[in-house]
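Please treat every number below as a calculation from the coordinates, not as lab data. On a predicted model such as this, the values are computed, not experimentally measured, just so you know. Virtual Cβ from ideal backbone geometry, glycine too; neighbours counted across all protein chains shown.
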Ligand code: SF4
Ligand code: MG
């Protein structure tokens, strides 16, 4: 399994007039070739900002202030003349990172034809003849399940699902190894979400693609991912393969998320954890474990000591004082 992406202690902060928001607060993960890492969390958890940090798209007044992002072995944060916040422009990558975003209505330029949209990253990267561009566009349309005659149409002539196929074709055009998928189906009709997810899976196995998938929907993440990271207030609080995570979650926040997403079952009484209160303001997050004001298992040390992400079992990590080296702590 070769390593495509290794993020270590990434910190992306926002310097607002009212204070510093640690949107991404020291997270680490690895992504291997041909695999999907799903990052799940509520809005404000920092999951999109994690994606945008990797894409070099952190908006003002945000800045990457620490950590490293090794893509194909090179630290993207070293690339920029010593300025950590400037991730290299995507068009300068020798091997590019591409992205598919949530809203296929706003992510495609309405004034461009489909062939122009798809070939734009391609012609920025390489000098190709018109005939070459044309044949690649045709091939890409076919690969995502669209017809060659779609090339000359405009985005408004397509449905949401078709637009997302166009966005995927565009992302594939530079033959990337890594594609960041930021809520790729959450703006689509429920009836067509599975089609797009299955297309993404097919493309993954055909091209051995790695995906960093950002989603708030647990079912999407479960279906797509080889590994799932759960984010809460800028940190990964639990990480595991989905089969383990969805049956044996350890962190109280993960367990609350999962039980909230399951339909109520009258016969089968689950051990349900109900989340108390709102997500705290990221401007002034609670000390220690940032989940402690909402945690039903809160202990004295939780408001003081920050729990680190540690192995609970093989491939399963959790950041919670209830567990110490894989063993639940008594009391
Ligand atoms: Fe709850 Fe404490 Fe674990 Fe945080 S560290 S999730 S407050 S038990
Ligand atoms: Mg988001």
Once you have the Cα-Cα distance between residue 284 and residue 205, take 0.36 nm times their residue separation minus that, and quote the gain in nm to one decimal. 24.1 nm
Using alpha carbons only, how many degrees (0 to 90, rounded to 10) separate the axis of helix 190-207 from the longest principal axis of the chain? 80
Distance between modelled label sites at residue 159 and residue 109, nm, 7 Å Cα→Cβ extension: 2.8
Note: probe point = Cα of residue 60 + 7 Å toward Cβ; backbone nitrogen < 17 Å; residues of segment 10-49 passing the test are 13-18
Helix 252-261: angle to the longest alpha-carbon principal axis of the chain, degrees 0 to 90, nearest 10? 60
Per GNM of the chain with C-alpha springs under 10 angstrom, the most fluctuating residue out of 152, 278, 120 is 278
Rh_Kirkwood(segment 88-201) over Cα pairs, Å, one decimal, evaluates to 14.2
Answer check: segment 120-270, Cα atoms, Kirkwood Rh, Rg/Rh ratio of 1.06
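Taking neighbour Cβ counts within 10 Å as the exposure measure, how do 220, 247 sort from fewest upward? Before the final figure, lay out each step's value.
Working: 220 21, 247 9.
Ascending Cβ contact count within 10 Å gives the list 247, 220.
Rounded to the nearest 0.05, what FRET efficiency do residue 131 and residue 308 have when you use their Cβ-Cβ distance and R0 = 45 Å?
Numbers: r = 56 Å, r/R0 = 1.24.
Result of the calculation: an efficiency of 0.20.
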For helix 114-125, what angle does its Cα long axis make with the longest principal axis of the chain, in degrees from 0 to 90 and rounded to 10? 80
Cα extents of the chain along the three principal axes, largest first (Å): 70, 55, 40
